[in-house]
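Everything below concerns the one structure shown next.
The values are calculated or read from the model by the stated rules, or taken from the named source; none is laboratory data. These numbers were taken from a predicted model, which means no experiment stands behind them. Heads up, the Cβs are rebuilt from the backbone with ideal geometry, glycines too, and the neighbour counts pull from every protein chain shown.
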Amino acid sequence: MKNFLALLLFTFISIEAITQERIRFSLQNFAGLLTGENGSGVQFQTISGIRYKKWNAGIGTGIDGYYSFSSPVFLSLNRSIFKRGKNDFSLSINGGINLPWKNVQNHYESFWGYKITKLTGAYWQGCVNYGISLGKRKHILLAQAGFSYKHMGEIMKQTVINPPSPGDQDTYRYDYYLKTLSFKIGWEF
């Protein structure tokens, strides 16, 4: 991990030295709603990265409350496509992994002898962004609409406690492919 961070820092410094253009660090924070065929949920995200000309690249994480709580960890790439005055339209894509939260034990788990193991899955999101620059300090108020996908899974094991074969286990695997529309507002500085 230390080697990766050192390589990342070296890459940022090298890019700035080669381009002789101003690269600045950026931080984007979002809060929003997700809606899909399994209901709705909330989403919070933070993306830390660098901005160079029309490009913004970074690493992000957050809380995804759609269907079952999870934390996506992803790479983010954003490209400005149209800028007029203080207004900016851009496209962004995020891709990475989805880390499920371990839920509180359900009543059927202890009563019926179930043991549930949550599985890590994929995460990606594509968005259209609108930003309004505020003041001279490069603060940007953001609005974002997009489509997101997350994969979650679980393995459920049940120990049989009744004869004829006590102690046997039944194993079931469930995969959830969740697609949602997302609407978020945020702040970049």
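For Tyr149, state whether it is within 27 Å of Lys179 (Cα to Cα), modelled with pLDDT of 90 or more and assigned to a loop (DSSP other than H, G, I, E, B).
no
Given the conditions (1) of a type in the set (Val, Ile, Thr); (2) at pLDDT 95 or above; (3) surrounded by fewer than 16 Cβ atoms within 10 Å (Cβ to Cβ), report the number of the one that Ile15 does not fulfil.
The failed condition is (2).
Charged (D, E, K, R), touching an Asp or Glu at 6+ places or on another chain (Cβ under 9 Å) and either at pLDDT 95 or above or farther than 16 Å from Leu75 by Cβ (or both): is that true of Arg51 in this structure?
no
Quick check on region 57-114: of everything there that is among the small types (Gly, Ala, Ser) and in a loop (DSSP other than H, G, I, E, B), which residue is modelled with the lowest pLDDT?
Of everything passing the filter in region 57-114, Gly113 is modelled with the lowest pLDDT.
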